[in-house]
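Read the structure below first, then the notes.
The values are calculated or read from the model by the stated rules, or taken from the named source; none is laboratory data. Note that this is a predicted model, so its numbers are computed, not measured. Reconstructed Cβ throughout: ideal geometry from the backbone, glycine too, with neighbour counts over all protein chains shown. Side chains included, ligands, DNA and RNA excluded: accessible areas come from the protein's heavy atoms. Shrake-Rupley method; radii C 1.70, N 1.55, O 1.52, S 1.80 Å.
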Amino acid sequence: MTTSRIVGFYNLPLGQRLKKLAEASGLTTEEIIAFQVSGLTMAQADHMVENAIGTFALPLGIGLNFIVNGRELLIPMAIEEPSVIAGASFMAKLVRAGGGFNTTTTEPEMIGQMQVLDIQDLFSASVKLLEQKPQLLAEANTIDPVLMKSGGGARDLEIRIIEDSPIGPFLVVHLIYDVRDAMGANAVNTACEKLAPRVEQITGGRVHLRILSNLADRRLAKAQCTVPLNELGFTDADGRVFTGGQVRDGIIEAWALAAVDPYRAATHNKGIMNGVDAVIIATGNDWRAIEAGAHAYAASDGRYTSLSIWGKDKNGNLTGEVEMPMAVGIIGGATKVNPTAIAALKLLGVKTASELAGIIVSVGLAQNLAALRALATEGIQRGHMSLHARQVAITAGATGVLIEKVAAQMIAEKTVRIDRAEEILKSFQ
Ligand code: MEV
């Protein structure tokens, strides 16, 4: 990848855009075509789910201007919502002026849970399990030789005594499993199911649930960025001037509400997930798992709060960071079946799942910044309006050049409504 800064990409006709993408990325024609056809064939879909009758398409766009850990990146984003890709690209441009996003990740360790019931003495059962830890881990390591070969495997066993529950006390055993470049659900679930009879033997109890936890808080990804103060000021379409300091402070004030108030934090985090999910979906990963992990992590201190933190450095520049569980894979599942996901991963050029995790949280942070900047200044609706107006025009029946004409008139009138779109369309016909 030469640069992720492709000036005027938005205004190019579709064919030109694909040409630019091929030039910048070095992807082959087949790979570029995979972005155009709707990914899965019917036969592939039929092998993936039960009762398949079709496939479901989403728009796929490119997030521009990203630099993550010094690498120029074009980001594939699958999402139906207008403004998300433009917002992320614009913020990535501001962030690149501050050196781009920097990311860190923990080891790709997932947690598998075994719920052990019907134990008389929970404490001595825990001790017995801990005494047998090396043997249990060794047994877990026989399950997936491929994962072992790539450096993964069982890392630890943790025992939690649950004193109080609706059915009384019980034990929970956590199997910590390094899944390397897999999402890991299959490996972890298989390991838990395999270990369960041994756990029953050792404890004298009954293993009930054996399943991965989506609160993957040992598999975290963090992104940080700095936006130079002089990049933040702007004049809006109504001629209102916002200085860099006003925008920065407005963003920090907006974040403060999310930090203390779950009602705002839910929406704030939704903005982060707009960016996160778009890349998760484009790369064929499990967005429900990521959503579950993100929101559980946001509440892990007992009160639901913001996943990101915004502040300023000693020079007055805006600083941001986000951290969340990021259980993504680059091997297995849809990442290796769906041709669009394969091409998306190729475009990102990632060699490990951890690298992908870092990119995804960077996009989440960019998206969060886009939303906060808009909310703290001109409001969110202006950015949404132009694409939204086009959608309303299409719904009203506009086609071809009439889509733009109807949309432009509605924006000029500041009335984007289906009834007005129908009237304007009639006046043009
Ligand atoms: C809309 O999809 C997302 C936002 O509501 C996020 C936010 O409020 O921070 C704009």
Taking only protein heavy atoms into account and a 1.4 Å probe, give the accessible area per residue of segment 16-58 in Å². 70 Å²
Options Leu74, Ile111, Gly99, ranked by Cα towards positive dipole end of segment 73-151, top entry (Cβ charges): Gly99
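Might you report the magnitude of the Cβ-based charge dipole of the chain about its Cα centre, with Lys and Arg at +1 and Asp and Glu at -1, to the nearest 20 debye?
Charge dipole of the chain: 1000 debye, to the nearest 20.
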Fully extended contour minus Cα-Cα distance, from Thr28 to Ile418, at 0.36 nm per residue: 136.2 nm
Mean separation of Cα contacts under 8 Å (at least 6 apart) over the residue count of segment 23-104, i.e. the relative contact order in percent, is 25 percent
If I take the Cα coordinates of segment 82-173 and project them onto the principal axes, what are the three extents in Å, biggest first? 61, 40, 24
When the accessible area of the chain is split by element with a 1.4 Å probe, what percent falls to carbon and sulfur? 56 percent
Let a ≥ b ≥ c be the square roots of the eigenvalues of the Cα gyration tensor of segment 291-347; is it rounded (a/c under 1.5), or, if not, prolate (a/b larger than b/c) or oblate? oblate
Mean-square fluctuation check for the chain, GNM, Cα pairs under 10 Å: which of Gly239, Gly364, Gly250 is largest? Gly239
Summed residue charge, Cβ within 10 Å of Gln224's Cβ, Lys/Arg positive, Asp/Glu negative: -1
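With charges only on Cβ, +1 for K and R and -1 for D and E, what is the dipole size of segment 1-81 about its Cα centre, in debye, rounded to 20?
Numbers: 5 positive and 8 negative charges, 94 e Å.
I would put it at about 440 debye.
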Return the Cα extents of the chain along principal axes one, two and three, sorted largest first, each rounded to a whole Å. 79, 53, 44
Given Pro339, Thr305, Pro325, which one lies farthest toward the positive end of the charge dipole of segment 285-429, if we put +1 on the Cβ of every Lys and Arg and -1 on the Cβ of every Asp and Glu? Pro339
Got the relative contact order for segment 102-196 handy, in percent, Cα pairs under 8 Å and 6 or more residues apart? 41 percent
Where Lys and Arg each count +1 and Asp and Glu each count -1, what net charge lies around Lys426 among other residues with Cβ under 12 Å from its Cβ? -2
In terms of Cα to Cα distance under 16 Å, which lysines are near enough to Lys270, apart from those fewer than 8 places away along the same chain? none
Report the residue, chosen from Glu81, Glu109, Glu321, that carries the largest GNM mean-square fluctuation when the chain is represented by alpha-carbon nodes joined by springs under 10 Å. Glu81
Over segment 217-321, the quotient of the Cα radius of gyration and 2.2 N^0.38 Å is 1.22
How much net charge surrounds Leu345 when only the other residues with a Cβ under 13 Å from the Cβ of Leu345 are counted, with Lys and Arg +1 and Asp and Glu -1? 0
So in the chain, what percent of DSSP beta bridges are antiparallel if you round to the nearest 5? 100 percent
In a GNM of the chain with a 10 Å cut-off on Cα contacts, which of Ala389, Ala92, Ala221 has the highest mean-square fluctuation? Ala389
Euclidean distance of C-alpha centroids, segment 313-330 and segment 358-382, integer Å: 13 Å
Just how large is the dipole of segment 138-266 about the Cα centre, in debye to the nearest 20, putting +1 at every Lys and Arg Cβ and -1 at every Asp and Glu Cβ? 440 debye
Contact order relative to length of the chain, as percent, for alpha carbon pairs under 8 angstrom and 6 or more apart: 18 percent
Scaled to the compact-protein estimate 2.2 N^0.38 Å, what is the alpha-carbon radius of gyration of segment 347-405, rounded to two decimal places? 1.69
Mean accessible surface per residue for segment 204-261, computed with a 1.4 Å probe while every protein chain stays in place, in Å²: 49 Å²
Accessible area in the full protein assembly, largest first, 1.4 Å probe, for Arg210, Arg390, Arg373: Arg210, Arg390, Arg373
